[in-house]
Structures are given as C-alpha cells and as structure tokens.
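Asks: The structure is given below, and queries will be raised subsequently.
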Amino acid sequence: MKIVADKHIPFLEGVFEPYAEVVYIDGRAINHDDIIDADALIIRTRTKCNADLLDGTRVSMIATATIGIDHIDMEYCREHNIEVHNAQGCNAGGVMQYVFSALYGVAARKGIKLDDATFGIVGVGHVGKKVEAMARHLGFKVLLCDPPRAAAEGPEGFCSLEYLLANSQIVTMHVPLDETTRGMADEEFFMQMPQGSIFINAARGEIMDDDALMQAIPKLGAVVIDTWNHEPDVNRTLVDMVDIATPHIAGYSYQGKQNGTASAVQYVARHFGIEALYDYYPEADIPDHDPLQLDLADKNHGERAAVFQYNYPIFTDDFRFRMDPSSFEKLRSEYQYRREIYI
C-alpha cells in the first residue's frame, strides 16, 4: 500500500511506515504523477483534489486533516467511489480562542465598550457552538443564524441573517464554504450592520467580498480577518485596512493539530483495516501545551482582555504577518502551535 501525505501535517511522520510506503510532499506541490500509484491521500486544504489530480490513479481514500472540504471535488469522488473524510470539529477550540483574543484585543486597543453588546454568530456548527458557549459564559446576549440547523431542529433559538446583522454589535463568521455561503458578506450584508460594530472572519475567505468589506470599514468599529480570498496571494490593501490580520492560523492550536491528524489516521486505518491504528492519537508530552481551564465570568473587561492576550498574544501573529504578507505559507508551516483554553 502507498500513501501520499502533505509533509506539513504534524505528528504524522512514522505512523504509517510499519504498514505502508509513505511519501511526504508539500501539499501545494502534490500532482498527478506523484499519486498515480497511491492508494490514499492525507492532505490539508492546500491540495486541490479534482479530476486533474485524481483521474487514472488508484486512490480510494482521501483523508483531510481539516474541517473544510471545499478543496475536494466531492461529486467526482462519489462518482469514482473514492471515500472522503474530514476532521470535523478538530480545531473548534482553537478558533474559539482566536475569536475572543481578537475581540478583547481590538476592544482594548480601540476603546470599544463591550458591555451590553449582542454577539451574532453566523454558522453554529462545531466552531460556532464553542463560540456560543464562551459568549454566554462571558454574559453576552447571543443571536444565532444557521439555516440548515433551523430547518432540521426547528426555528426556536435561531434568527434570520437580516435580524442578526441589524441587532448585533459583534458579528463572527463560522460557516462552511459552499454555493449558499460564497460571497455572502457582500455590500448588502455590511450595510445592515450597525455603525461601530465588529466583524470577524475566521471561516473561509471566499465567504466575503473584499471590495464590499473595504467600502464598509470606515463605518465599522473593528475588523478581524484570518481567512482571505485568493490565499496565499491576499489583498494587501485589505491587510493594511483591517485591525487584526493573520495568515489563516485561527485553528492552529496544539490540540487542534492533534485532533486533525488523529482523525485522518483513524479513517485511513479503518479504510484499509490497520487495526493497530484504529484509536491512534498523537502523544503529547509537553505540559505547557495542555489545555487550560479558565473561569472568566466574574472578571471585568480589562481582566478578560489580559487573560486572553496572556494565553494567546494575537497581536504577535498580526505583526509578523503585516511585516511580510508574502510569507503567508511560511508563517503557517512554521507556526508554533498554541495551547487551547476552555471553560
């Protein structure tokens, strides 16, 4: 058996070697010739799995160590009996931490009052649920917009996007990228947001219209962007305009990377019957990376900002990215994973 894997997936090297030939390649560089005789791919979002890559190969399994699957042509895979698995929820804790470090960081830096603010969450899946739990723990009023969940579970507890935008001082995006969400943060979207409100996108760059956002920035209180259109060739003008700019690392926690790799390994192991790896999970012997439980409910806004920044100094990531936006991929591949917090 042969496996081709993205060389930047942490904890993976050495795991499958007792059972298969494993070839490690930069994810963006994986091409058709590399996988012509491969049985499985273990990838991240940088490998575009479509007919150009997969036609004529013997690949029967693709495991992506990421939440998103928009880099995989799912229809092609269904038609060609290629099993696909993603790491659902793997980085939810890391993204939640990013959102609140960013929120309290920009609020403290710009003097934005968060008392009595309403927190609008667009997309309430694995990530959105964790963001919701923290927001409620901190005493925010919360609005939720998730049409698929509302359709499946009933409308109670959810609201329309229009209502959320008009009534939230904080709007954070956690939707998957598909045809219903591509470009959803457009001119009309931003027009509905109140003056001085905060916009955070740590979902996918393609859900927002860059021009519409740049036009809206003068009326917004703060803008935080982690995911960008055309990564890694991001809009430099937009980078300069936003309050926090980071290179798609919101989910880059130590636990998130453990979870993503564990999910990929377990799915591949089950597909090929490698029983010894059915319950694989990367070992972590670094105590400083263990998750940290916090109780922030009784702290004031300044204390909360200090705690979030102490555990994740987000402006360091912002500074490093602004110094050289062309280093987008380098910053991601060399990122020092942070430990997660939880409540």
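The values are calculated or read from the model by the stated rules, or taken from the named source; none is laboratory data. As the structure is a prediction and not an experimental result, all values here were calculated from the model. We place every Cβ from the backbone using ideal geometry, glycine too, and count neighbours over all the protein chains shown. Heads up: the accessible areas ignore ligands, DNA and RNA and are worked out on the full protein's heavy atoms, side chains in. Shrake-Rupley method; radii C 1.70, N 1.55, O 1.52, S 1.80 Å.
Asks: Take the residues in the stretch 287-343 that are aliphatic (A, V, I, L, M) and more than 27 Å from Asp115 (Cα to Cα), then tell me which one is most open to solvent (accessible area, probe 1.4 Å).
Replies: Among them, the one singled out is Met323.
Asks: Next up: Of all residues in the stretch 163-177, which are open to solvent by 60 Å² or more (accessible area, probe 1.4 Å), over 21 Å from Met134 (Cα atoms) and in contact with an Asp or Glu (Cβ under 9 Å, 6 or more places away or on another chain)?
Replies: none
Asks: Six or more apart or on different chains, Cβ under 7 Å: which pairs go from a residue in the stretch 160-182 that's at pLDDT 95 or above to one that's among the acidic types (Asp, Glu)? Could you list them?
Replies: Arg182/Glu206
Asks: Let me ask something else. Taking only the stretch 129-143 into account, find how many residues are outside any loop (DSSP other than H, G, I, E, B) and open to solvent by less than 40 Å² (accessible area, probe 1.4 Å).
Replies: Number satisfying all stated conditions: 6.
Asks: Among (1) among the aliphatic types (A, V, I, L, M); (2) surrounded by 13 or more Cβ atoms within 10 Å (Cβ to Cβ); (3) in a helix (DSSP H, G or I), there is one condition Ala152 misses while meeting the rest; what is its number?
Replies: (2)
Asks: What's the number of the condition Ile43 fails, among (1) open to solvent by less than 50 Å² (accessible area, probe 1.4 Å); (2) out of contact with any Asp or Glu (no Cβ under 8 Å at 6 or more places or on another chain); (3) of a type outside the set (D, E, K, R)?
Replies: The one condition Ile43 does not meet is (2).
Asks: Next question, about the same structure. Please state which one of Lys299, Lys330 is without any contact (Cβ under 8 Å) to a residue 12 or more places away in the chain, in a loop (DSSP other than H, G, I, E, B) and not acidic (Asp, Glu).
Replies: Checking each option against the conditions leaves just Lys299.
Asks: In the stretch 266-282, is there at least one residue being of a type in the set (S, T, N, Q) and within 21 Å of Asn86 (Cβ to Cβ)?
Replies: Yes, the conditions are met somewhere in the stretch 266-282.
Asks: Can you name the condition, by its number, that Gly196 falls short on among (1) over 20 Å from Lys330 (Cβ atoms); (2) among the small types (Gly, Ala, Ser); (3) out of contact with any Phe, Trp or Tyr (no Cβ under 7 Å at 6 or more places or on another chain); (4) crowded, with 17+ Cβ neighbours inside 10 Å?
Replies: Looking at each condition in turn, Gly196 falls short on (4).
Asks: Quick check on my filter: what residues within the stretch 1-60 are of a type in the set (Asp, Glu) and touching a residue at least 12 places away in the same chain (Cβ under 8 Å)?
Replies: Matches in the stretch 1-60: Asp6, Glu21, Asp26, Asp34, Asp37, Asp39, Asp52, Asp55.
Asks: Could you say which residue among Glu179, Glu156, Glu162 is under 22 Å from the mean Cα position of the chain (by Cα), over 18 Å from Val223 (Cβ atoms) and not polar (S, T, N, Q)?
Replies: From the options Glu179, Glu156, Glu162, the qualifying one is Glu179.
Asks: Same structure, new question: Mind checking which residues of the stretch 29-40 are open to solvent by 30 Å² or more (accessible area, probe 1.4 Å), assigned to a loop (DSSP other than H, G, I, E, B) and among the hydrophobic types (A, V, I, L, M, F, W, C)?
Replies: Ile36, the sole residue that qualifies.
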